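Quick notes on the structure that follows.
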Amino acid sequence: VLPANVGGDVVRIVDVTRLTGNRRSAVGATLLDRLIGFVAISTLGLAALPMVPLTGTGTVLWLTVLVFSMVTVVLCLTVYRRGVLGFAERWVERIEVFSVGRRYRAVADELHSYRRHTKALLKLVALGFAIQVLRVLVHVMVARGMGMTLPATWFFVIIPILAVVVVLPISIAGLGVRESAAVGLFGRVGVSPTLAVVQQLSTFFLTLAVNLIGGVIFIARSVRRPALGEAGDIT
């Protein structure tokens, strides 16, 4: 429920740290998981862009997906090569306030360590694509339940672009931004603004209801003290 699902990442880091006692690995694994999701989302978004005209809001969506994809590529390169960001990375490493520099180096080194596991990374990327396909199919099923007859192909064009928009930290859980973009995209294929908004909100609340199951499990685990492993810190 926080911008760009940042709250979910914090919860995962806290949960994994509580279970393993290794905060550095928890941060690295969570960031890698997020990066793999970015790879899948940006790839599908790029594949969908040719179907979006370069006019009006379409131009904004093109720029959004392209910039997001370029940032994703750069972040992927940091896994295999330290110092890709050059001066910016060296500048951050020199920040001593709140030990930002040391913490950044620790996290960057943790991500860099995954370069030795290329096969595992490729499997995870494939799983990331499968998850994004399931995301699209959920939208298709909700639409069918509402009586929408739009071909499923269009959902594989529109939903990946919406997924990129939702990732941007400019709203709470993507609310408002997602629906505005959906009105423009679905409107191009004959779906009314009202139906587009209702379909998006219905899917969002359905997903939220399912996600609450994870919240219950997290709280249930939190009431007991797990056995921690070797203590580790990103400092």
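The values are calculated or read from the model by the stated rules, or taken from the named source; none is laboratory data. Quick caveat, the model's predicted, so the values are computed rather than measured. All Cβ positions, even for glycine, are placed from backbone atoms using ideal geometry, and neighbour counts span all protein chains on display. Note: areas computed on protein heavy atoms with side chains; ligands, DNA, RNA excluded. Shrake-Rupley method; radii C 1.70, N 1.55, O 1.52, S 1.80 Å.
A few points about this structure:
- Our estimate of slack between Val67 and Asn211, defined as 0.36 nm per intervening residue step minus the Cα-Cα distance, is 48.9 nm.
- Tilt relative to the chain, helix 100-112 - C-alpha long axis, 0 to 90 degrees, to 10: 70 degrees
- For peptides 48-61, 196-209, sequence by mean Cβ density within 10 Å, most packed first: 196-209, 48-61
- Hydrodynamic radius of the chain by the Kirkwood approach over all distinct alpha-carbon pairs: 19.6 Å.
- Over the chain, DSSP H runs of length four or greater, each weighted -39,500 (n - 2.57), average out per residue to a 222 nm ellipticity of -24500 deg cm²/dmol.
- Tilt relative to the chain, helix 193-222 - C-alpha long axis, 0 to 90 degrees, to 10: 30 degrees
- Efficiency of FRET from Cβ geometry, Val14 and Ala220, R₀ 22 Å, rounded to 0.05: 0.90
- Theoretical FRET efficiency, 1/(1+(r/R0)^6), r = Cβ-Cβ of Thr149 and Thr57, R0 25 Å, to 0.05: 0.55
- C-alpha center-to-center spacing [the range 48-67, the range 155-187] in angstrom: 12 Å
- Computed from the C-beta positions of Tyr104 and Val189, the FRET efficiency with R₀ = 45 Å rounds to 0.55.
- Ranked from largest to smallest solvent-accessible area, with a 1.4 Å probe on the protein heavy atoms, Thr149, Thr17 come out as Thr149, Thr17.
- Packing around the peptides 133-144, 67-78, taken as the average count of other Cβ atoms within 10 Å per residue, puts them in this order, highest first: 133-144, 67-78.
- Relative to the dominant Cα principal axis of the chain, helix 152-167 is inclined by about 40°.
- Electrostatic tally near Phe155: other residues with Cβ closer than 15 Å to its Cβ, Lys and Arg +1, Asp and Glu -1, net +4.
- Added length on full extension, which subtracts the Cα-Cα distance from 0.36 nm per residue, Ile172 to Leu32: 48.1 nm
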